[in-house]
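Reviewing the structure listed below.
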Amino acid sequence: MKRVSRIAGMVMALALAACDVPARPAAGPNAEVGTRAMISRHGQELVAVVTRVQDKLVTTEFQWRGELMAARNLYRGLYPVSGTEYGYQFELDFDDALLERLFPLKVGNETSFGGNLKLIDQGNAIDVWVHMVVTDERTVDLPSGSYPVFVVEVTSRYGDGRDAKTKLNTLYFSPELSMVLKSVMREDGRQTYWRVVSIDKRGGSVQPTPAQQRNSGTVMI
């Protein structure tokens, strides 16, 4: 009986010790400043350049024919939370702790959050609701090597009342690069896509491109 009691006591002690171990926080982004990605979008070629990594934000510039199309601050390199599109500034006001629930990424992880998308130059804002779920693990082959990716399904609903719209986006995200390597978007019965075709990890300091931007058109990526 004493032996059984001792074993039970050990099991209880281990259980209590396990409860005292804090959850392992997700590591910061692995993105490297200076990394360049060549992107193919419906026959067009764009260049994405990582220009800054600060805390959990990865700043990436997107250029087309030498012109700056967009500059985005992406949460852990996955989801844009602020930036500039065609010269217009935007900022998403939301609780980023809810987005952090996805990390470390694992199939089955999911989260939902609501927010307010501020269109700063236009002086207005749009209500946004987002649901994200990690659905699969795959590998993307590029000339520089093979990169394991997580497939993240993103459902976004924005606007209100009868004007509300829904956008579905499938992201193929590389934790190694903290970068989306492929995106397929479906909205209003249309499908658009883009994918990275090559990666050049140059490293080092990169100065943001001067604000030479196209001020018309729709979001390309």
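The values are calculated or read from the model by the stated rules, or taken from the named source; none is laboratory data. Since this is a predicted model, take the numbers as computed values, not measurements. All Cβ positions, glycine included, derive from the backbone under ideal geometry; neighbour counts span all protein chains shown.
With respect to (1) modelled with pLDDT of 95 or more; (2) buried (at least 16 other Cβ atoms within 10 Å of the Cβ); (3) not in a loop (DSSP other than H, G, I, E, B), the lone exception for G77 is condition (3). Among the residues here, R24 qualifies as at pLDDT below 95, surrounded by fewer than 14 Cβ atoms within 10 Å (Cβ to Cβ) and assigned to a loop (DSSP other than H, G, I, E, B). For the stretch 68-78, indicate whether the set of residues that are out of contact with any Leu (no Cβ under 7 Å at 6 or more places or on another chain) and hydroxyl-bearing (S, T, Y) is non-empty. Looking for residues that are out of contact with any Leu (no Cβ under 7 Å at 6 or more places or on another chain) and hydroxyl-bearing (S, T, Y), one finds none in the stretch 68-78, hence no.
For R138, the criteria (1) closer than 22 Å to L57 by Cα; (2) modelled with pLDDT of 95 or more; (3) of a type in the set (K, R) hold in every case but one, which is (1).
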